[in-house]
Structures are given as C-alpha cells and as structure tokens.
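Taking it in order: structure first as structure tokens, then the write-up.
The values are calculated or read from the model by the stated rules, or taken from the named source; none is laboratory data. Nothing here was measured: the structure is a model prediction, and the numbers come from that model. Positions of Cβ are backbone-derived with ideal geometry, glycine not excepted, and every protein chain shown enters the neighbour counts.
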Amino acid sequence: MTTDATITLLIVDDHPVVRDGLRGMFRSAPGFEVLGEASTGEEGVELTARLDPDVVLMDLRMPGGGGVAAIAELARSGARAKVLVLTTYDTDSDTLPAIEAGATGYLLKDAPRDELFTAVRAAAEGRTVLSPAVASRLVSRVRTPAPAPGDTPLSTREREVLALVARGTSNREIARELFISEATVKTHLTHLYAKLGVKDRAAAVAAGYDRGILG
C-alpha cells in the first residue's frame, strides 16, 4: 500500500457507465485513488503491470478477455495487486474459478457503497472478502456434494424466464414482461443454465422440454 495510506485502484469493467460510477464513487471518498481503467482482462493485466495499483476491481465477463484469465495471469506474473472481483454473477461456475485463479475477494455489484469501501480496504491488506451470498454458496458447496446437472429444480421465476425464452422472447422483452431489469434476466438465465447443465438458450429450451419443465 502507498506510504500515505491512500489505496490505489485499477477498475476493469467493459461497461463505461459502471467504470464512470465506480471512479466517481472512489474519488469522492477519502483514502482512495483511481490510477486507471481497463475494458478487458488483457488490458487490465497490462495496466496493472504499468501502474502497480494496490487493488484491482475486476469484472468477470468481458469481451476481448475475461476476468478469470486475467486473475490467473496476474497471479502467474507475481503482481503485487490484490484482485477484488466485482460482478453481477454469483453462480458456482463464476465464483469458484475466480477464487481458484487467485482473487482475494468476490463482491456483487449490488453491494452497498460502504460495504464496497470496506471490502477494498480489506483486500488491500490481503484479507479475504466475500459477499454474504457467495460465502454461503461456498460453505454449502464444501459441506455437500455438487448436484448433477438437472438435479436442482428451477425456481418459479427461472421457469417463467425459460418459458418466455422458449417463445423466442428477447432479454429486453422478458424484462419488460416480468417487470425486472435486463441484468436480472441475465442472472436468471445464468442460474438456470447451471441447473440444467447447458450453455445457451437453445440447449436450455431443449432441456426444458426433455425434462418436462416446459410441458
């Protein structure tokens, strides 16, 4: 950490609005300095080597180089920076690879402002930081074997989303019909993909019919 106790940051996220919001948030709070921004994991690795921040705020899913690969590369290169994942996704398929790759912490983007500040300070000190939802999932996974794909039932909302997907409805239209955000639709899709053991919409619909979820 810098000698004057200011924590230096690098923000890595492919959404300009998210980067602007985070930059403004940290600039308005004492004890933080944003050194730079990157829109891909690869760019994040390059800027980390050049700027040497205390903490890297890393999104996971980005075109042109994702977060998990970037975290692994930073660990391999011996970078001093601690990586705090800041993402929308909390599924096992996202959480575990990021932590195994070397992330110091994992926080969701809906975390309150003060919780984010506290998490960054803790990460800068090398302490592990996990959002309550992620911590709970990890503890559950350690205590119980992971279910085979298809063994975990879909929630009512996930069934609604899957039914709309089967009708060819876009994410934007699903959001409008269910009165939720597109980001929430994507999160539901990620969860139901994991539960069905599939990777895309077409496979999810096929699995839904095959298992009687869609009739």
- Item | Looking only at region 128-156, and only at residues there that are over 21 Å from the mean Cα position of the chain (by Cα) and charged (D, E, K, R), the one that is modelled with the highest pLDDT | Asp151
- Which ones in region 1-21 are in contact (Cβ under 8 Å) with a residue 40 or more places away in the chain and touching a strand residue (DSSP E or B) at 6+ places or on another chain (Cβ under 7 Å)? Met1, Thr2, Ile7, Thr8, Leu9, Leu10, Ile11, Val12
- Residue ID - nearest to the chain's Cα centre (by Cα), chosen from residues in region 190-215 that are surrounded by 15 or more Cβ atoms within 10 Å (Cβ to Cβ) and of a type in the set (Lys, Arg): Lys195
- Task: Test Glu173 against the stated conditions and say whether it is acidic (Asp, Glu), part of a helix (DSSP H, G or I), farther than 24 Å from Arg211 by Cβ and at pLDDT 90 or above.
- Result: yes
- Message: Any residue in region 118-144 that is assigned to a helix (DSSP H, G or I) sitting within a Cβ distance under 7 Å of a residue that is modelled with pLDDT of 70 or more and basic (Lys, Arg)? List the pairs, counting only those 6 or more apart or interchain.
- Response: Ala123/Lys82; Ala124/Lys82
- How many residues, within region 7-59, are at pLDDT below 95 and of a type in the set (Ser, Thr, Tyr)? 3
- If you take the residues of region 74-112 that are closer than 17 Å to Val55 by Cα, surrounded by fewer than 19 Cβ atoms within 10 Å (Cβ to Cβ) and charged (D, E, K, R), which of them is nearest to the chain's Cα centre (by Cα)? Lys109
- Query: Restricting attention to region 190-202, does a residue exist that is assigned to a loop (DSSP other than H, G, I, E, B), under 30 Å from Thr6 (Cα atoms) and modelled with pLDDT under 90?
  - Reply: no
- Message: I'd like the residue in region 160-189 that is over 23 Å from the mean Cα position of the chain (by Cα) and charged (D, E, K, R) and, out of all such residues, is farthest from Asp90 (Cα to Cα).
- Response: Arg167
